């Protein structure tokens, strides 16, 4: 299991672009396999990747994830292929539906047919990224277009998928999935088997399964879980994540954070690797009086595990 790291946050505050670049440079220097940018309502992750790419040379740069409703698939394909050129083949495009409260309540768009939207969006997007052209007449999208990006190989397309139909779609049509608010038992018994089965049935290679999880190496386990309980409680009220937490049999997001001393966290991550997860998207957090020292302790262990392999 490879270890990637989330960038874009420092002590609970969003970063300016120069800080994002510095975080990515540090992640590359530390040997992490990948660096991932979330897409909330701050700096645009696709533009940020272009800036980061010029300051790095090895590390994979990905989005986790860009909401599809905000960009037409032709625009998304243009941006993805351009970033593949800018990064010299190091870009991974993570996309997802987002949530009804964002798409409908905040943006005023329809979320009436999320699966149909994503299925058709993926048809258009993958055709353009893999082949450079598409002619498609669907219910949600009617697209006849070409995208030209000379000398650029297709980038991986990763679909945030939790529901059974979405996992089947991800396995059959994309290069893998990125999960969030999903615990180790659910990954082992539900996510990994379903997406692998769909990929095999479609004759596609084994998909990437990237698990996004908060990680803290600390003796202050109770304090760490209390922080997670407070900071992440919002996610427990979103239906798609609530379904994963219920499947895991836990009360809330704090219960699936990876917390403990070095031995405990190492054991949890080895179990995650054994479950079939191919990559950890680690989002370190800190507790206690010296927050920077706490954060560095977590990153130190993650670096050692990266060097030693999982």
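Does residue 276 satisfy the condition of being touching a helix residue (DSSP H, G or I) at 6+ places or on another chain (Cβ under 6 Å), surrounded by fewer than 19 Cβ atoms within 10 Å (Cβ to Cβ) and either assigned to a helix (DSSP H, G or I) or modelled with pLDDT of 95 or more (or both)?
yes
What are the residues in the stretch 71-84 that are in a helix (DSSP H, G or I), more than 18 Å from residue 36 (Cα to Cα) and out of contact with any strand residue (DSSP E or B) (no Cβ under 8 Å at 6 or more places or on another chain), if any?
75, 77, 78 - these are the residues of the stretch 71-84 that are in a helix (DSSP H, G or I), more than 18 Å from residue 36 (Cα to Cα) and out of contact with any strand residue (DSSP E or B) (no Cβ under 8 Å at 6 or more places or on another chain).
Can you name the residue in the stretch 8-44 that is closer than 23 Å to residue 97 by Cβ and crowded, with 22+ Cβ neighbours inside 10 Å and, of all such residues, is farthest from the chain's Cα centre (by Cα)?
Per the stated criteria, the residue is 8.
Of all residues in the stretch 243-259, count the ones that are surrounded by fewer than 18 Cβ atoms within 10 Å (Cβ to Cβ) and either touching a residue at least 24 places away in the same chain (Cβ under 8 Å) or under 23 Å from residue 295 (Cα atoms) (or both).
The number of residues fulfilling the criteria is 5.
Tell me which residues, restricted to the stretch 301-310, are assigned to a helix (DSSP H, G or I) and in contact with a strand residue (DSSP E or B) (Cβ under 8 Å, 6 or more places away or on another chain).
Within the stretch 301-310, 301, 302, 305, 306 meet the criteria.
This table checks each residue for (1) over 20 Å from the mean Cα position of the chain (by Cα); (2) in a loop (DSSP other than H, G, I, E, B); (3) modelled with pLDDT under 95.
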{"residue": "245", "(1), (2), (3)": "no, no, no"}
{"residue": "250", "(1), (2), (3)": "yes, yes, no"}
{"residue": "254", "(1), (2), (3)": "no, no, no"}
{"residue": "289", "(1), (2), (3)": "yes, yes, yes"}
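This table checks each residue for (1) at pLDDT 95 or above; (2) closer than 24 Å to residue 36 by Cβ; (3) surrounded by fewer than 21 Cβ atoms within 10 Å (Cβ to Cβ); (4) out of contact with any helix residue (DSSP H, G or I) (no Cβ under 6 Å at 6 or more places or on another chain).
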{"residue": "134", "(1), (2), (3), (4)": "yes, no, no, no"}
{"residue": "144", "(1), (2), (3), (4)": "yes, no, yes, yes"}
{"residue": "165", "(1), (2), (3), (4)": "yes, no, yes, no"}
{"residue": "219", "(1), (2), (3), (4)": "no, no, yes, yes"}
{"residue": "241", "(1), (2), (3), (4)": "yes, yes, no, no"}
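Mind counting the residues in the stretch 45-66 that are part of a loop (DSSP other than H, G, I, E, B), free of Cβ contacts under 8 Å to residues at least 60 places away in the same chain and touching a strand residue (DSSP E or B) at 6+ places or on another chain (Cβ under 9 Å)?
2
The values are calculated or read from the model by the stated rules, or taken from the named source; none is laboratory data. The structure presented is a predicted model; accordingly, all values stated were derived computationally and were not measured. Quick reminder, even Gly has a Cβ in these numbers, built from the backbone with ideal geometry, and neighbours come from all protein chains shown.
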